[in-house]
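> Have a look at this one before I ask anything.
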Amino acid sequence: MKNGILQVLLAASLVYTITGCAAGPAPTGTVDTPIPTSVPPSPTRARPTPTPTPQGRTIVVNSTADSGPGTLRQALSDAENGDTITFDSSVFAPNAPETIAVTTGLPQISQGHLTIDASDAGVILDGSQLPTDSGIPGLEIVSDGNTIRGLQVIHVTGTGIVVAGGRNNTIGGDPSIGLGPIGQGNLCSGNDGGIGLWAFASHNTVTGNLLGTDVSGTENLSNRRTGVWVTEGGTENVIGPDNIIAHNDKCGIGVNGSDSLDNTLTQNSIHDNGGPGICLLGGANTTLAAPKIFEFDLQAGSLAGWACPNCTVEIFSDNDDEGAAYEGQRVADNSGNFIFEKGAPITNAHVTLTATDSDGNTSAFSVPTSGASMSLILQEGNNLAKAGIVTGRLRELADNRIGDTFPLDRHPSPCAPAEEDWSFTHVSNLSLKWVRLSLDRLELDQARSMGDYSQFDINECQDEIVTSLAENDITILYTIVYWDENLHTENYPDYGHEQEVQRFLDYTRLIVRHFKDRIQYYEILNEAVAYVDVADYINLIRRVVPVIREEYPEAKIVVGGSSDLLSPDCHDYLFSVLRSDIMPLVDGIATHPMYGTSPQYDGIRQYYYDYPSLVQEIKDVASASGFTGEYLAEEMAWRTTVNPSPWERWEYTPIVAAKYYARGITMHLGMDLWAGIGGEMYDSIPSLVKVVQNLSASMAGTTPTSLTVNIESEATNIMSYGFILPNGEKLFALWTDGVAVEDDP
């Protein structure tokens, strides 16, 4: 801002996301500059001293058959601790690889200190004849000190190579040693997953492998899930350097679970995966914060930013939002600041970063840069060092009033531990503090299409997820809907009939009685405007409230749930409810206020600008009718090509959508409403994930307040809101409220 009077307390990454960044010169060094070493050190960790490898025999595989003398299966059965299995190059020629087609799982590698070396041969382990959906891995290691290199593992129904509980194993090797088709690394492609480290697998190294590609490292031979998957207490493993992890259907590398810690992901080429390049789920790797980029110039090969203090920052470039090319590394100083000078242009169109702390935890990729250069100036004349927002662990955060809506799966298969279920990992990853959920599909059309009607039972999986959310201090808003397979396959519920009302009351009693100690808020219907006459809706509320109060007197009851307020019918329906005599009976009013509305399109521009006045009108009318409770904006969605909707035809790029989400969430919190995201897209678009994570941390414990502020700027149409932090400090959010663009000059 020009000649700013206020020292803006909102952290740099939040302002960047809301307003955009100015294109500018190369980094000027206005941050505290660390003195980099000529070869920056990688994080060091104490690793257990491996047991000396015993000297064993060499067993040569000279048959391509699945079983019998000279086969790999026989060699694995005969091998002992310390042996080496090699392949006869006259049979498995390096320039003409031969295939071993397995029909059943190979013996587990339980001996320990076994080496399987195909690096000077051409060996393809093909599982296409394994039973469908059997989940059989190519090779499974359950012991310590083993080495696997040079194999091509394809088409197995499970994961290509699995380490289950083993320590000090090496999967791959030095890719510069070009012996066979893939050298010392392994190829694991076209499988369910590439490489798996689980069941407390620790101190293993995965290096120089091809995961999701062909032998050239370029063509798409995707695994159906992740390239590398670390879970179930996998700790202190090193993924890298020199793995190529590309084209996998899910994450490039996924680390899952709060007991999967200190896993280092370093100097890999990760690109073109279906999900994020790096996924940290359920508290894995402490959900270490990714670095922030404050200034950069791609042509000069320079950038400056912030990471966790004294962490190793690895710099990558990519044509999307992953890390195809490793550019170098720096170590952040004691304040977290770093400067990187490559001395040559950056390879690809965007820069991303990872951070690795002293324990070896590596973060996900940072939000990618946009444009050729940028110099972030928050306030003219303010040369204080910039700092990024540090996201906290879920239970450590105070209430931020940010949440999301989703159904609980009625038919999970298999029933995973609650902390590994998507519902919980999604909430944990975004640091949400409330969720809106239901056992049932919130819309009847969805229930019909999926044959998923209401049932008078609650399964164990759903129960465990609700318990897990409640135990982690997540406020749960349960939306009660009831879809009867006999009554509603052709018709919508008719709450003008007593039979329908009674069935709804019975279902409500079941839900509230079962969940009352874990769920605090109950909402009566979802978007009733679509199928219930307003008089019948108001009457249904009168009937339902006593049932909920009888079963759980402490419950908070929410009504409204109105869909798009841009529609006159929806607007009038909501205000009929607000003017009714049921307002003193309930505790919350919910709306679904924004479905892609922005200044960008003619038909919705005025609604966008009038929206704060509409919120105030809702509050005034409800208060006049005796309402004294809370206001909830349950659903906001700005669509991209990832999740288009025929009903929400306004689409945006991921960066622009992220900016509108940041505005929408901040605006609602500033007007003292709960802010609910929506749109079924957040875990797959890093810019949106980062927006929600940053706001979840920044807004934790805040309350809106009116601040007297003088803003002097050449910018126009500035929107701002003030907040008080729990320690009494003030937070001020502001942005230029025009059309959001990728790069705003």
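The values are calculated or read from the model by the stated rules, or taken from the named source; none is laboratory data. Computed from a predicted structure; not experimentally measured. Don't worry about glycine lacking a Cβ; one is built from the backbone with ideal geometry, like all the others, and counts go over all protein chains shown. Areas reflect the complete protein model, heavy atoms only, side chains present, ligands, DNA and RNA absent. Shrake-Rupley method; radii C 1.70, N 1.55, O 1.52, S 1.80 Å.
> Taking the stretch 677-694 only, how many residues are in contact with a helix residue (DSSP H, G or I) (Cβ under 9 Å, 6 or more places away or on another chain) and either at pLDDT 95 or above or of a type in the set (D, E, K, R) (or both)? Even if it seems obvious, please write down each step before you answer.
Taking the stretch 677-694 first, the residues in contact with a helix residue (DSSP H, G or I) (Cβ under 9 Å, 6 or more places away or on another chain) are 677, 679, 681-683, 685-694.
Remaining after also requiring either at pLDDT 95 or above or of a type in the set (D, E, K, R) (or both): 683, 690.
Counting residues in the stretch 677-694 that are in contact with a helix residue (DSSP H, G or I) (Cβ under 9 Å, 6 or more places away or on another chain) and either at pLDDT 95 or above or of a type in the set (D, E, K, R) (or both) gives 2.
> Return the pair list, or none, for Cβ contacts closer than 7 Å from residues in the stretch 371-391 that are touching a residue at least 24 places away in the same chain (Cβ under 8 Å) to residues that are charged (D, E, K, R), at least 6 apart or on different chains.
Gly371/Asp743; Ser373/Asp297; Met374/Glu295; Ser375/Glu295; Leu376/Glu295; Glu380/Lys2; Ala385/Asp32; Gly388/Lys292
> Being in contact with an Asp or Glu (Cβ under 9 Å, 6 or more places away or on another chain), surrounded by fewer than 18 Cβ atoms within 10 Å (Cβ to Cβ) and at pLDDT below 80 is the filter here; which residues of the stretch 359-397 pass it?
Ala385, Arg395, listed by residue number.
> Also: Just checking, does the stretch 214-222 include any residue being among the hydroxyl-bearing types (Ser, Thr, Tyr), closer than 16 Å to Ser269 by Cβ and open to solvent by less than 10 Å² (accessible area, probe 1.4 Å)? Steps first, please.
Narrowing the stretch 214-222 to residues among the hydroxyl-bearing types (Ser, Thr, Tyr): 216, 218, 222.
Cutting the leftovers down to closer than 16 Å to Ser269 by Cβ gives us 216, 218, 222.
Okay, now just the ones that are also open to solvent by less than 10 Å² (accessible area, probe 1.4 Å), so none.
No, the stretch 214-222 contains no residue that is among the hydroxyl-bearing types (Ser, Thr, Tyr), closer than 16 Å to Ser269 by Cβ and open to solvent by less than 10 Å² (accessible area, probe 1.4 Å).
> Which number in (1) farther than 22 Å from Asp399 by Cα; (2) in contact with a helix residue (DSSP H, G or I) (Cβ under 9 Å, 6 or more places away or on another chain); (3) open to solvent by less than 30 Å² (accessible area, probe 1.4 Å); (4) among the hydroxyl-bearing types (Ser, Thr, Tyr) marks the one condition that Thr736 misses?
(3)
> Listed residues Ile171, Ile124, Ile177; which is surrounded by fewer than 21 Cβ atoms within 10 Å (Cβ to Cβ), among the hydrophobic types (A, V, I, L, M, F, W, C) and in a strand (DSSP E or B)?
Numbers: Ile171 fails: surrounded by fewer than 21 Cβ atoms within 10 Å (Cβ to Cβ); Ile177 fails: in a strand (DSSP E or B).
Just a single option satisfies the conditions, and that option is Ile124.
> Considering only residues that are part of a loop (DSSP other than H, G, I, E, B), under 16 Å from Lys433 (Cβ atoms) and open to solvent by less than 10 Å² (accessible area, probe 1.4 Å), which ones fall in the stretch 621-672? Outline the logic, then answer.
Initially, the stretch 621-672 is screened for residues part of a loop (DSSP other than H, G, I, E, B), giving 625-629, 634-635, 638, 640-644, 646-647, 649-650, 652-653, 671-672.
So of that shortlist, the ones also under 16 Å from Lys433 (Cβ atoms) come out as 634, 672.
Of everything in the stretch 621-672, just one residue is part of a loop (DSSP other than H, G, I, E, B), under 16 Å from Lys433 (Cβ atoms) and open to solvent by less than 10 Å² (accessible area, probe 1.4 Å), namely Glu634.
> Looking at Tyr573, Tyr537, Tyr522, which is the one that is of a type in the set (Phe, Trp, Tyr), crowded, with 21+ Cβ neighbours inside 10 Å and within 30 Å of the chain's Cα centre (by Cα)? First the steps, then the outcome.
Working: Tyr573 fails: within 30 Å of the chain's Cα centre (by Cα); Tyr537 fails: within 30 Å of the chain's Cα centre (by Cα).
Just a single option satisfies the conditions, and that option is Tyr522.
> Does Gly112 satisfy the criteria of being within 19 Å of Asn209 (Cβ to Cβ) and open to solvent by less than 30 Å² (accessible area, probe 1.4 Å)?
Details: within 19 Å of Asn209 (Cβ to Cβ): no; open to solvent by less than 30 Å² (accessible area, probe 1.4 Å): yes.
When the stated conditions are applied, Gly112 does not pass them.
> Identify all residues within the stretch 343-356 that are in contact with a Ser or Thr (Cβ under 7 Å, 6 or more places away or on another chain) and either open to solvent by 10 Å² or more (accessible area, probe 1.4 Å) or part of a loop (DSSP other than H, G, I, E, B) (or both); write none if there are none. Break it down stepwise before answering.
To start, the set of residues in the stretch 343-356 that are in contact with a Ser or Thr (Cβ under 7 Å, 6 or more places away or on another chain) comprises 346-348, 350-356.
Result: Ile346, Thr347, Asn348, His350.
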